[in-house]
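See structure below.
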């Protein structure tokens, strides 16, 4: 065991020293000021001054560098550095956030005149009169499903516009070994025997032939038992608010709060002055009774005092300071808040409390 641990640590150290893991990933986030949008990095440095009418959040920043922007009611694509990949000259543009492709229709109301751009080159790589782009699969390289709107037959193209596969109306495409430079692609039902398998170049082959050609070992991933040892949350899981009200007669209890695992952990309460705070189940004050309102939404406690808002965890840990004009959870699945300052700035913040706005901006 000691020998394995030693060599494992040595291997990790070698990777870090070589820079494979030490390389800093440059991420940026949209922010706005005076109704114009720019980009800011994690340190609060402005990457792109606010010049666009809108910039969408980078929905999958660890897999691709692109997002939609709008300028003068026309759409285009920029990367995380603020560079225009597709200039804003299209009345409509679709991008599913998964990378590889963006597309528009010359006749958008009728979904006719499909034009598909490669985000790698910024050039149009595929056109069709009546077909419709549907879904991006893969994780770089990427592949795009294009379907006929009536018979629902589909084709799969790569980032050069080359057709690799086709399938029927009740069938779909699947990418396997997406971590490889050349993944395997399948057409047909997910579990049907009649599936067609090809590599990323469109060469038909069996799974065994693919694995041999690309030297992929057939071994599963073994995970250690990672059962979580939850600490005792205190109190009875079945207890309701009335049970606790009798124990805390000095407060008006408003809401019993559970954490992400369903354990009762705290209580929103109001004191005799009408101020809101948060109590533990044993009566400890977790959030001082200094607020005009506390309420739970999507697993977070929102606090307001005069014209200021902020966010706490169910156990009372501060996440977003109570100094913003507005805070709202706009992307629960992506774990982002939208925060707005009294000085007219608006940007994103993570659920871990990191706010992505230009540094040293006035808050009032």
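The values are calculated or read from the model by the stated rules, or taken from the named source; none is laboratory data. Note that the coordinates shown come from a computational prediction; the quantities given were computed from them, not determined experimentally. Counting neighbours? That spans all protein chains shown, and the Cβs are built from the backbone with ideal geometry, glycine included.
Listed values, structure above:
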| quantity | calculated |
| --- | --- |
| Hits in the stretch 34-45 (condition: closer than 17 Å to residue 67 by Cα and within 22 Å of the chain's Cα centre (by Cα)) | 37, 38, 39, 40, 41 |
| Residues that are touching a strand residue (DSSP E or B) at 6+ places or on another chain (Cβ under 6 Å) and part of a loop (DSSP other than H, G, I, E, B), drawn from the stretch 170-187 | 171, 177, 178, 183 |
| Residue within the stretch 117-140 that is within 24 Å of residue 204 (Cβ to Cβ), in a loop (DSSP other than H, G, I, E, B), within 24 Å of the chain's Cα centre (by Cα) and touching a residue at least 12 places away in the same chain (Cβ under 8 Å) present | yes |
| From the options 305, 346, 315, 326, residue that is in the same structural domain as residue 274 (by TED's automatic domain parsing) and either touching a residue at least 60 places away in the same chain (Cβ under 8 Å) or in contact with a helix residue (DSSP H, G or I) (Cβ under 6 Å, 6 or more places away or on another chain) (or both) | 346 |
| Boolean, residue 47 is within 24 Å of residue 352 (Cβ to Cβ) and either assigned to a loop (DSSP other than H, G, I, E, B) or touching a residue at least 60 places away in the same chain (Cβ under 8 Å) (or both) | no |
